[in-house]
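Read the structure below first, then the notes.
The values are calculated or read from the model by the stated rules, or taken from the named source; none is laboratory data. Please read all numbers here as calculations on a predicted model, not as lab measurements. Every residue, glycine among them, receives a Cβ derived from its backbone with ideal geometry; neighbour counts consider all protein chains shown. All accessible areas refer to the heavy atoms of the entire protein, side chains included, with ligands and DNA or RNA removed. Shrake-Rupley method; radii C 1.70, N 1.55, O 1.52, S 1.80 Å.
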Amino acid sequence: MRRITTVGAGETRQLTDLLQNLLVSELLAPSSRLWVLSPWISDIVVIDNASGQFKSVLPALPARPIRLTEVLIDLARRGSDVRVIMRDESRNAVTGQRLTDLAPVGPRPSLLIRNTLHDKGMVSDRFHVHGSMNFTFFGQRVNQEGVTVVSDPDQIARAWVEYQNRYQLP
């Protein structure tokens, strides 16, 4: 288990690097499922591919920063059950629309609207990230946040049971 706390004084490389490392590891060996829970969500940059160093992982994308929706769509195409659980808020519309528009055919992430959602996190077969951070620009780069990363299989399994009970598809 690892805890990251940001002080709200601008971007912290710890959170940015954490998200990049976890999502690149997912692209290399996709989990059977990956869920993102965020009441407010933006299409944030999650992989710095500006110099093309991830070309072998994302061959279809040019050398530029890679956004959350692009990674989630790619994981769905690679066979992961990707779900994004969010509130029905106007600020979430762009991300929801991109998940739909960028993947008009073939596998794509499922969107679940839960207007009472307050959980924030990302869970896969290998990790569970949870804490106060929404997956937004302000959550990633501006606000004071506390995020815990868990890799213990027992704790991950408990998180899956809890999330499945709360957020099953209708």
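Couple of notes before you dig in:
- The Cα trace of the chain gives Rg and Dmax of 15.0, 42 Å, the first to one decimal, the second as a whole number.
- Only Lys, Arg, Asp and Glu carry charge here, each on its Cβ (+1 for the first two, -1 for the last two); on that basis segment 1-90 has a dipole of about 220 debye about its Cα centre.
- Most mobile of VAL123, VAL142, VAL45 in a GNM of the chain (Cα contacts under 10 Å): VAL142
- Listed residues SER56, SER124, SER25, most fluctuating in the chain (Gaussian network, C-alpha, under 10 Å): SER56
- Rel. contact order, % - alpha carbon contacts under 8 angstrom, at least six apart, the chain: 31
- Dividing the helix sum by the residues of the chain, where each DSSP H run of 4 or more adds -39500 (n - 2.57), gives a mean residue ellipticity at 222 nm of -9500 deg cm²/dmol.
- If only the Cβ of Lys and Arg carry +1 and only the Cβ of Asp and Glu carry -1, the dipole of the chain around its Cα centre is close to 100 debye.
- Among LEU61, LEU27, LEU37, the largest mean-square fluctuation in a Gaussian network model of the chain (Cα springs under 10 Å) belongs to LEU61.
- Most positive-pole-ward Cα, SER151, THR69, TYR167, against dipole of segment 56-170 from beta carbon charges: THR69
- Mean projection area, nm², convex hull over Cα of segment 1-67: 5.9
- Given the chain, longest segment not containing exposed loop trypsin sites (Lys or Arg not before Pro) (DSSP; at most 15 other Cβ within 10 Å): 1-54
- Computed with a 1.4 Å probe over protein heavy atoms only, the accessible area of THR148 comes to about 10 Å².
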